[in-house]
Amino acid sequence: MLHTWLYDKYGTARAPHRCYWQSLLPTERVVDWFEWQAGYASGALLMPESFARRTVEAYFQHRFERPPAAKGSPEASALCHRISLAFDVSVEAATVRLSQLGYLTE
C-alpha cells in the first residue's frame, strides 16, 4: 500500500494509481495481502537480488545440478539453508526469495 500512496503523492499520472494485486504472485495462497507485501519487501531489502544471485551462483559453481531446484528436494533445502545463513534470515524467508528469483520450482 505504501507504493500506492507514494505514487499518488509524487507520480505524474492524472488518474489515481490502483494496485492490481490480483495479478501478482502468489495470490492463490495469500491470506493477508498486507502481510504478503511486507514479507516481499522485507525479503527484497534483506536479500538484494544481485547479492542473492552471486550467492546462488557460488553455491552451484562446483555442483553437477543447475538451477532451478525443485522445492522440497535435498538440493533446494541445502540452497535455502545456505541463503539463510548468508543473509541471516529464516529458511522460510530464503525459500520465498529464491522462489521469487526463479531458483526454486514447484
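Contact map, the stretch 37-49: residues that are closer than 18 Å to Tyr103 by Cβ paired with residues that are aromatic (Phe, Trp, Tyr), Cβ distance under 6 Å, separation 6+ or inter-chain. Pairs shown: Leu46/Phe87; Met47/Phe87. Sub-7 Å Cβ pairs linking a first residue in the stretch 55-79 that is closer than 15 Å to Gly102 by Cα to a second residue that is of a type outside the set (Ser, Thr, Tyr) and part of a strand (DSSP E or B), at least 6 apart or interchain, are Pro68/Leu104; Ala69/Leu104; Lys71/Leu104; Glu75/Ala69; Ala76/Ala69; Ala76/Ala70; Ala76/Leu104; Leu79/Ala69, ordered by first then second residue.
Among the residues of the stretch 31-60, those identified as hydroxyl-bearing (Ser, Thr, Tyr) and over 12 Å from the mean Cα position of the chain (by Cα) are Ser50, Thr55, Tyr59. Val91 fulfils the conditions (1) modelled with pLDDT of 90 or more; (2) within 20 Å of Trp36 (Cα to Cα); (3) not polar (S, T, N, Q) except for a single criterion, (1). Checking the stated criteria, Pro74 turns out to be more than 19 Å from the chain's Cα centre (by Cα), modelled with pLDDT of 85 or more and on the phi < 0 side of the Ramachandran plot. The set of residues in the stretch 89-106 that are outside any helix (DSSP H, G or I) and touching a residue at least 40 places away in the same chain (Cβ under 8 Å) comprises Val89, Leu101, Tyr103. Only residues that are at pLDDT 90 or above and either assigned to a helix (DSSP H, G or I) or surrounded by 19 or more Cβ atoms within 10 Å (Cβ to Cβ) (or both): list them for the stretch 46-59, please. Those that are at pLDDT 90 or above and either assigned to a helix (DSSP H, G or I) or surrounded by 19 or more Cβ atoms within 10 Å (Cβ to Cβ) (or both): Leu46, Met47, Glu49, Ser50, Phe51, Ala52, Arg53, Arg54, Thr55, Val56, Glu57, Ala58.
The values are calculated or read from the model by the stated rules, or taken from the named source; none is laboratory data. Keep in mind that this is a model prediction, so the values were computed, not measured. With ideal geometry, Cβ positions are generated from the backbone for all residues, glycine too; neighbour counts draw on all protein chains shown.
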